[in-house]
1. Looking at (1) crowded, with 19+ Cβ neighbours inside 10 Å; (2) in contact with a helix residue (DSSP H, G or I) (Cβ under 7 Å, 6 or more places away or on another chain), can you tell me which one residue 156 breaks?
2. Mind checking which strands (runs of 3 or more DSSP E) fall wholly inside region 307-399 and carry at least 1 residues that are more than 40 Å from the chain's Cα centre (by Cα) and either closer than 27 Å to residue 451 by Cβ or not hydrophobic (A, V, I, L, M, F, W, C) (or both)?
3. Among the residues of region 400-426, count how many are part of a helix (DSSP H, G or I) and either touching a helix residue (DSSP H, G or I) at 6+ places or on another chain (Cβ under 9 Å) or crowded, with 24+ Cβ neighbours inside 10 Å (or both).
4. Just name the residue that is most open to solvent (accessible area, probe 1.4 Å) out of those in region 287-306 that are outside any helix (DSSP H, G or I) and either out of contact with any Ser or Thr (no Cβ under 8 Å at 6 or more places or on another chain) or at positive phi (or both).
5. Of the conditions (1) at pLDDT 95 or above; (2) open to solvent by 10 Å² or more (accessible area, probe 1.4 Å); (3) in contact with a Pro (Cβ under 7 Å, 6 or more places away or on another chain), residue 462 clears all except one; give me its number.
6. From the list 710, 691, pick out the single residue that is in contact with a Ser or Thr (Cβ under 6 Å, 6 or more places away or on another chain) and at negative phi.
7. Might you check whether a residue that is assigned to a helix (DSSP H, G or I) and in contact with a Phe, Trp or Tyr (Cβ under 7 Å, 6 or more places away or on another chain) occurs anywhere in region 522-544?
8. Pairs under 7 Å by beta carbon, first residue hydrophobic (A, V, I, L, M, F, W, C) in region 689-700, partner surrounded by 13 or more Cβ atoms within 10 Å (Cβ to Cβ) and not in a strand (DSSP E or B), six or more apart or different chains?
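The values are calculated or read from the model by the stated rules, or taken from the named source; none is laboratory data. Nothing here was measured: the structure is a model prediction, and the numbers come from that model. As a convention, Cβ positions derive from the backbone with ideal geometry for all residues, glycine included, and neighbour counts pool all protein chains shown. SASA here: full protein model, heavy atoms, side chains in, ligands and nucleic acids out. Shrake-Rupley method; radii C 1.70, N 1.55, O 1.52, S 1.80 Å.
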Amino acid sequence: MAVRAGSLVSLTLICLGISFLVGCHGASDRNSRQVYIVYMGDLPKGDVSISSLHIGMLQDVVPSDASDVLVYSYGRSFNGFAAKLTVDEANKMRDKEGVVSVFLSQKKQLHTTRSWEFMGFNKKMKRSIIESDIIVGMLDTGIWPESESFNDTGYGSIPEKWEGSCQNLANFTCNNKIIGARYYLTDGEAGPGDFLSPRDAEGHGTHTSSTAAGRLVSQASLYGIARGTARGGVPSARIAVYKICWYDGCSDEGILAAFDDAIADGVDIISLSVGSALPMDYFEDSIAIGAFHAMKNGILTSNSAGNGGPRPASVTNLSPWSLSVAASTIDRKFVAKVKLGNGQIYEGATINIFDLKGKMYPFIYGGDAPNATIGPSATYFSRYCFPGSLNSTLVKGKIVFCEYFTDYEGVMEAGAAGAVFQDLGYKDYQFSYPLPLSTVNMNDGRMILNYLNTTENPTATILRTSQDNNQFAPFVVTFSSRGPNPVTADILKPDLTAPGVDILAAWSEAASVSEAEGDTQTTKYNIISGTSMSCPHATGAAAYVKSFHPTWSPAAIRSALMTTAMPMTSKNNVEAEFAYGAGHINPLQATDPGLVYDAGEIDYVKFLCGQGYTVKNIQLITGNSSSCSDDTNGMVWDLNYPSFALSSTPGTSITRIFHRTVTNVGPAVSTYNAVVNAPPGLVIQVQPSVLSFEYVGQTQNFVVTVAAELGNSIISGSLIWDDGVHKVKSPIVAYGSILQ
């Protein structure tokens, strides 16, 4: 999910939440048809016509021709379909044999080169000889195939394992870099400016694809800003594109169709920078469903954690079989300075691509230029530069000062040459705008307003954005969604963090720089922020690990990324692990983690049994005779996860016992000692405290007992298995939860 809403991020998320609720409960006409997902679990055994099965089920509940209401039939990788049903028809479908869940399809939202070097992962790092056989599946807004980041010069033939296809339309062609491309649109209408093809009209999918797997492109920049070499984590890997997102969002039915195809096509990693406004049950969430079946087929799904931060429990992609990625800063930031006629310079926080060449423009306070036609409150609105509030005769050709950041549209429609906004919002990420604009803090804003009020002919200019050092990096940015996990409290989410602030990557030339109405500026590379940008960094890192260890399971790859993550501190993020999970991703170290916490389908089945899912549904989901018993009814604390979490109501004392298994993937003969970090309020015991291995692939079991005195804040500890070379680190967190 990319952030596109400036200081109004929180308000936007509230609105998204409201629209989500309306979508769930606002249908007043029970006879109107809406798209529902009918999820039926794993593929049926034997020679079964999936589409005929789905048509037959629909014929039992709809009065019209079933084929008229069928939207998608999922049958390549899992079983289910999307159909246009009434409320009553959906309720009837829930009661049918073989149905796991029926839920209304929602529109999920999209959640951006220095970032790889910042992680110590430079261009000269060792590469696997099979990196070019790795296929990264990108579920997003499509791709701009002509970008130099996707040039296939020097690439060999397409990997033999590839089973996918390319929807070669008049305006789109694949190559040996982009080896597959599909698009998913229910109603057949692409919307204004979009393409009925895998071509990207928004820029988001092009940006994420090049971040994960774009080839090296030297001298890439946004109008000279952040100039350098743009590249992905696995530049030699292939890309398969699944366009699921359009101008109005990303539908659940399209997401599931893309998962169904991507799994069967033969991708190695799936990347999805998309999420819901609110957390959902695992099997009423298209992403969690798709990721589960990807896991069953040996494919790790990398998800953005969400852009709902810093609100607690705002993380939405949180299934334990996928990787949830927060967003953090790198060691640079962008500033747009404001210079006044008196020589004073104030540092603002935007990405300003416009070069005014130092020209000083007349400078006016919005409160002194009210549009009197709107009535007696004109001055109140004009001081904040609301749309329609400014007198264009007084403002045209001038730079306008506004007391609070509302929207650029008010100054732009009035013909201003630029704008300076006083802003209460967070300054740890920046946006582009369709005119010269800078946002300053409240104190600097007061100084600027004083200059305007005490100077006869005030002038100002806005300098083009420059780059500065961010000495506090990395820290998790404010918009990044936080834990605790609102669905399963004792599974720590997000899993880790990766660069997601002010990331330069490829862009669609059909999209403007700011994506704002009235912006005519285009670019081949753009700078944007979001957990949408951190997710493909983790995707690239996971693909890098996969290229060295092609037989590793999704859980093993995730474990390697988490246990080798660079430690972070609550000094910069008071939410601690709820902000950054296991820490900051470290791709180079992840290829040699020493030990991994592995898990497979049976482990997740035990987890689901413990979470109260019925035997019938679990059998449908898994496609076998799995059942919940004393042996399989697993406690959440026994899921073989690389992190440890325990919670209860604040003010209580609790003790939890965790059973874990680690697999040796390092030196054949090795001995690991347990190193425990337990702050006041936390007691951690590990038994045994020494693990010895004699061969690669050997497993060892251990038990961690954690006792905690819970308050209102998180208590952070850790367990490290240390053999003198490898430090296999796992966070241990305890907290008093209002969700209990």
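1. Unmet condition: (1).
2. Fully inside region 307-399 and qualifying: 361-365.
3. Number satisfying all stated conditions: 3.
4. Restricting to residues being outside any helix (DSSP H, G or I) and either out of contact with any Ser or Thr (no Cβ under 8 Å at 6 or more places or on another chain) or at positive phi (or both), the top hit is 298.
5. Here residue 462 clears every test but (2).
6. Values: 691 fails: in contact with a Ser or Thr (Cβ under 6 Å, 6 or more places away or on another chain).
After applying the criteria, what remains is 710.
7. Step one: filter region 522-544 for residues assigned to a helix (DSSP H, G or I), giving 531-544.
Then keep just the ones that are in contact with a Phe, Trp or Tyr (Cβ under 7 Å, 6 or more places away or on another chain); that gives none.
No, that holds for no residue.
8. That search, which allows pairs on different chains as well, returns 696/665.
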